[in-house]
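The values are calculated or read from the model by the stated rules, or taken from the named source; none is laboratory data. Please read these numbers as outputs of a predicted model, since none were measured by experiment. Cβ placement follows ideal geometry from the backbone for every residue including glycine, while neighbour counts extend to all protein chains displayed. Just so you know, the surface numbers come from the protein's heavy atoms only, side chains and all, with ligands and any DNA or RNA stripped out. Shrake-Rupley method; radii C 1.70, N 1.55, O 1.52, S 1.80 Å.
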Amino acid sequence: MDLVELNPLRDALVGLPGVNGLSTEQRKRLTIAVELVANPSIIFMDEPTSGLDARAAAIVMRTVRNTVDTGRTVVCTIHQPSIDIFEAFDEVQYYFVYKTGYYSVIRMLIKKTLVLKLFLMKRGGQEIYVGPVGRQSCDLIKYFETIDGVSKIKDGYNPATWMLEVSTSAQEIALGVDFTEIYHNSDLYR
């Protein structure tokens, strides 16, 4: 209960969604707690922040971080993360898979280490970036901004959103490039 920060609600009824009882964010933390009862070494979470506002998402991600701090590995799927969620774990290893096209998906494997690594794929599963994200996404931004024609990121803009926008198939056509080929010819690939 401490790990998922639900001790104050220990005696609360779960209730009906949107009617009474626990809030959506509290329910998500309760779901994590139920999974932790089995003491797994790895936990899979499908969209733990979906349907939450920024404050509630931050609380759930703090619960995820607390879970990681116990030595467990956590794998998450998060659609269109906010900048805060994208950069929340600067001392954690992430493996992200983005699929550009109709939707974007991030799969994060969170382990307690000091590395942040991204796997970015375009539609069809072709890699277009596998490498470090860097503090405040500096490595990721530097990589894409060195490609001729890719627009620079604006101050305060979400790097996850920017990365998806500059690496679309429409951008490949507009720029006359193949991001997979660029990546395969890069030092990151070698």
Practice problem: Give me the pairs, please: first residue somewhere in the range 138-150 and of a type in the set (Lys, Arg), second residue anywhere and assigned to a loop (DSSP other than H, G, I, E, B), beta-carbon distance under 9 Å, and either six or more positions apart or on two chains. | Solution: LYS142/GLY134
Practice problem: Keeping to the range 1-39, report how many residues are open to solvent by less than 50 Å² (accessible area, probe 1.4 Å), under 20 Å from ASP84 (Cα atoms) and not acidic (Asp, Glu). | Solution: 4
Quiz item: When both residues are 6+ apart or on different chains and their Cβ atoms are under 8 Å apart, which pairs have a first residue that lies in the range 166-181 and is polar (S, T, N, Q), and a second that is open to solvent by 50 Å² or more (accessible area, probe 1.4 Å) and assigned to a helix (DSSP H, G or I)?
Solution: GLN171/GLU165
Self-check item: Selected residue (only one of ILE59, ILE42 is open to solvent by less than 60 Å² (accessible area, probe 1.4 Å) and within 17 Å of ASP69 (Cα to Cα))
Solution: ILE59
Quiz item: For the range 62-80, what are the residues that are closer than 28 Å to GLU165 by Cβ, crowded, with 18+ Cβ neighbours inside 10 Å and in contact with an Asp or Glu (Cβ under 9 Å, 6 or more places away or on another chain)?
Solution: CYS76, ILE78
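Answer yes or no as to whether THR113 is at pLDDT 50 or above, outside any helix (DSSP H, G or I) and of a type in the set (S, T, N, Q). Let's see the steps before the verdict.
Details: at pLDDT 50 or above: no; outside any helix (DSSP H, G or I): yes; of a type in the set (S, T, N, Q): yes.
Spelling it out, it is not the case that THR113 is at pLDDT 50 or above, outside any helix (DSSP H, G or I) and of a type in the set (S, T, N, Q).
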Self-check item: Single residue of ASP148, ASP155, ASP178 found to be at pLDDT 90 or above and under 11 Å from ILE128 (Cα atoms)
Solution: ASP178
Exercise. Hey, can you tell me all the residues within the range 44-64 that are in contact (Cβ under 8 Å) with a residue 40 or more places away in the chain and either farther than 16 Å from LEU30 by Cβ or not charged (D, E, K, R) (or both)?
Key: ILE59, THR63, VAL64
Quiz prompt | Candidate set: the range 149-171, residues that are under 12 Å from ILE83 (Cα atoms) and of a type in the set (S, T, N, Q); chosen: the one least open to solvent (accessible area, probe 1.4 Å) | solution = ASN158
